[in-house]
Structures are given as C-alpha cells and as structure tokens.
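Below is one structure; the comments refer to it alone.
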Amino acid sequence: MSIATTLLGETSSKRPQLAHLSAQLEALRIQGTYFKLRVLDDAQAPVCHYDGREVINLASNNYLGLCDHPKLREAATAAIEKYGVGSGAVRTIAGTMRIHMELEEKIAHFKGVEACVVFQSGFTANAGTVSSILGKEDFILSDELNHASIIDGARLSRAKIKVFRHKDVEHAEELLKEIQNEPGHKLVITDGVFSMDGDIGPVGSLAYLCEKYGAIMMVDDAHASGVLGRNGRGSVDHFGCTQRVDVQVGTLSKAIGALGGYVCGSRDLIDYLYHRARPFLFSTSHPPSVAASCIAAFDILENEPDRIERLWSNTRYFQEQLTHAGFDIGGRTTPKSETPITPIIIGDGRKTMEFSRAIFEQGVMATGIAFPTVPEGKARVRCIMTSEHTQSQIDKALEVLTGTAKRMELLS
Ligand SMILES: *Cc1c(COP(=O)(O)O)cnc(C)c1O
C-alpha cells in the first residue's frame, strides 16, 4: 500500500468522530443550498474564467478593477525584488517594515485623521478593535445587519451587546437611554455600506446620537472604501463627519484590490491598538508586496477619480435596466440598494441556487446567497458592478439574467 493510500485511509470520512459534520452537509444537499467552490483560473477581471468557463463576472468586490491593475502589479513586483516575499514576524516583534509605516501614513493622510493601523484583513481589524477597546462592564450597540466580524469582536470583548433594528436611529437612541446611567463605556457601531443589500448606514445621525450620549462612534467602511465619499474616502467622508467618528475601519481587500484592513482615528487610539489588538500582536504582518500594492492603489484613488465615476454610471445603468425588466432588486421586502451592490431578490434558497447555476452555464457569474448569510426567505443572487465592465458586457449579462428569469418565472 502506498503512503498516499494509508494517509487517505486514516482521514477517511468513515471515521465516526466527524459524522455529525457529514450529516449537516447532507442536510444542506437536501435543502439545495450545498455549494462547491468555483475556481478562478486567471486574474480577477470583468471577463474571466471560472472552472474553465468564460464568464462575465458580476460576483467580485473588485469595484475599481485594481486587482489586476498594472501599477499595482509593478509596485508588488518591485517590492518583492527589494524586500523579498515575507515580513518574518508579527509587527511588535520584528515584522514592522518601513513600507508598512508608509502605508499607514498614506491612509491616515488620505482619510484626514491623525493615525492609522493596518491589520491582516478587514475581519481582523473589526474583531481585533472591538474586542480590545471594550471590556465586561461596557456596552455595544450594533445594527442588526452588521458584518460577522463586528459580531465576533463584540462577543470576544465580553461587553453587553444591544442590537438595534436595521438603520433605526430612534431604536438606537432608546437603547442608549436605557443605559445612560450605567458606568460602562458605550460604543455605537454600523456598517457604512451593508454588504448584502447595498444600502448606506445612517452614519451622520448615529454620530449625532453618540455626541448627545457620550458614546464612542465606530463605522465599518469595508464596502464604502473606494466607492463613497470624495475620491472614495468612504461613508464618513460622504456624510462629512470625519471629526465626529472615533473609529473608522476600512478594508484593503475590496476596492483597493489587494488584502488587509485598517483602523483610522486619533494617535492614542492607534497606539493603544498597537499595544492591545490581538491580531496585531499575535499574527504576522503583510508581505511587503501587499503593502506596496495598497500604496499604489491609494495613488490611483487620488489621481484617477474617473474610475469611481464609471463605477457609478455603470451601476445606475445596470440597476435601471434590471428594475425595468421586472426584477426585485431590493426596496420591496428588503432594504433598497444605494450602491453598486445589487441584490436580485428571489426568496427561496433552492431557486436562488438554481438561478445562479443557470446563468453561470450561459456565461454570467453571480453568486447565490442564502440563509444563514441572509435571513430565511430572503435569498438572493448578488451582483456587484465595477468601473471596468463595458457597456456590451453589461448588456450581454442583462440579456442572460432576463432570459433566464423569464424562463424560471421569477419576474413580476
Ligand atoms: C468584507 C467585509 C469585511 C472583511 O474585510 P476583509 O478585508 O475581506 O477581511 C468587514 N466588514 C464588512 C462590512 C465587509 O463587507
């Protein structure tokens, strides 16, 4: 018997220890929401190949086409030539490279704040920040549709969690009133743009509430970075409240095209996170090539705002055409999109997955998203427009979406 067979034998699915996982997978198959990962064969782009099939890609977060931008490639390659491929340690031990500091300064300057710290991802930026700036005696007020990384950070902090109804500022105020005489710190947190529906958080009104009640204001701008605000500075800039938001989180993994997350705020906030945020302390920093790509991306945001204009004109066109064709793209039983995130609401999980598979077979890639990522009965195929889609690609995608939806009787 070869070594390979022996190893396979030992981890075979017949071992009883993990049988409960196999049973749950079987349940997903029966519900019709089991999925296989689709594998990208080439670079992330408006037209690319998944599982060997050429598709118009409506599924990525590559809003500005930077994943594959020549200037980011050049910057990454030059950094590899100069500094190698790895940083060799966590930031606090020996893994802070000059280029990491340059990136943090670049972002702080771009955002108009005192300081910035870069994390390995947006997920770790949220989870590491929320969990380290609050403790057991404190309170977190969180929008019910906030991102999973905020929820995890809130749980890790062991603070008391109060969830307000989606974008409901009055409800948030009621909750703040209930705890106003409690001694703990209060943190109000919202996504700048909600990732499943594409609607914009009430950042301005919540910032006002925070001032009234002496609460800390935090915004997660993962889907707003590079999309909203002047040159893509995000939702906080869009609402003109940079001075009134204490903690701004962003990602480098979506519009910025590479990988990472960051927190912007006061010098003391950032210094504190250097000392206390666990992903910063216990997980190795970015390869220098990633930091270099991100620096090049911020240069592009500063110097090529036409990408953001194209993103928005493509979005307007795509959404108008879908609405005209009779699709529910939010605003009926789900929040209405105000950004390039365009959900096609189907409702039933199985039908949603069938629709996603059918359009894929005709050359359009848009992912089906069902419970538990979105509420039960609100399954959708989520499309995200980018600045780099051409008119003819968008028209071709619309033709496939509409034809398939008609055949499956999904249009009203
Ligand atoms: C994607 C996302 C994150 C996580 O960012 P990564 O850089 O991909 O880890 C955090 N918050 C929101 C709202 C997101 O959509």
**Prompt:** By its C-alpha gyration tensor, with a ≥ b ≥ c as the square roots of the eigenvalues, how is segment 70-303 shaped: rounded for a/c under 1.5, else prolate for a/b larger than b/c, else oblate?
**Reply:** prolate
**Request:** Kindly state, to the nearest 0.05, the FRET efficiency for Q17 paired with E178, given R0 = 41 Å and r defined as their beta-carbon distance.
**Result:** 0.35
**Message:** Could you tell me which residue out of H238, L322, F35 lies farthest along the dipole of the chain toward its positive end? Charges go on the beta carbon: Lys and Arg +1, Asp and Glu -1, centred on the Cα centre.
**Reply:** F35
**Message:** Need the list of lysines near K136 for cross-linking: C-alpha distance under 21 angstrom, and skip anything on the same chain fewer than eight residues off.
**Reply:** K160, K162, K177, K186
**Complete:** Taking N as the residue count of segment 228-322, its alpha carbon Rg divided by 2.2 N^0.38 Å gives 1.29
**Prompt:** So what's the gap between the Cα centers of segment 104-139 and segment 145-199, to the nearest angstrom?
**Reply:** 17
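When you count, for each residue, the other Cβ atoms within 10 Å and take the mean per peptide, how do 326-332, 364-370 rank with the highest first?
The packing order, highest mean first, is 364-370, 326-332.
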**Prompt:** In whole angstrom, and with the biggest value first, how far do the Cα coordinates of the chain range along each principal axis?
**Reply:** 57, 57, 54
**Fill in**
One would report the antiparallel percent of DSSP beta bridges in the chain, rounded to the nearest 5, as 55
**Item:** Overall form of segment 12-88 per C-alpha gyration tensor (a/c, 1.5; a/b vs b/c)
**Value:** oblate
**Message:** What distance in nm lies between label points placed 7 Å from Cα along the C-beta direction at R357 and Y34?
**Reply:** 1.1
**Message:** Could you sort the peptides 81-92, 210-221, 272-283, 346-357 by per-residue average Cβ neighbour count (10 Å cutoff), highest mean leading?
**Reply:** 210-221, 346-357, 272-283, 81-92
**Message:** From the helices alone, meaning DSSP H stretches of at least four residues, give me the mean residue ellipticity at 222 nm for the chain, per-run term -39500 (n - 2.57), in deg cm²/dmol to the nearest 500.
**Reply:** -13500 deg cm²/dmol
**Request:** Pull out a ≥ b ≥ c, the square roots of the eigenvalues of the alpha-carbon gyration tensor of segment 33-180, then state rounded if a/c is under 1.5, prolate if not and a/b is larger than b/c, and oblate in the remaining case.
**Result:** oblate
**Mean Cα-pair separation over length for the chain, i.e. relative contact order, pairs under 8 Å, 6 or more apart, %** = 21
**Message:** If the elastic network links every pair of Cα atoms under 10 Å, which of V236, V400, V290 fluctuates the most in the Gaussian network model of the chain?
**Reply:** V400
**Prompt:** Which FRET efficiency, nearest 0.05, do E399 and K71 yield, Cβ-Cβ r, R0 41 Å?
**Reply:** 0.75
**Prompt:** lysines near K71 by alpha-carbon distance under 25 Å, same-chain residues fewer than 8 away left out - which ones?
**Reply:** K82, K106, K111, K254
**Prompt:** Mind checking which lysines have their C-alpha under 21 Å from K396, skipping anything on the same chain fewer than 8 residues away?
**Reply:** K406
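Values quoted throughout were computed directly from the atomic coordinates according to the rules given, and no laboratory measurement underlies them. Every value quoted in this text rests on a predicted model; they were computed, and no experiment measured them. Neighbour counts run over all protein chains shown; Cβ positions are idealised from the backbone, glycine included.
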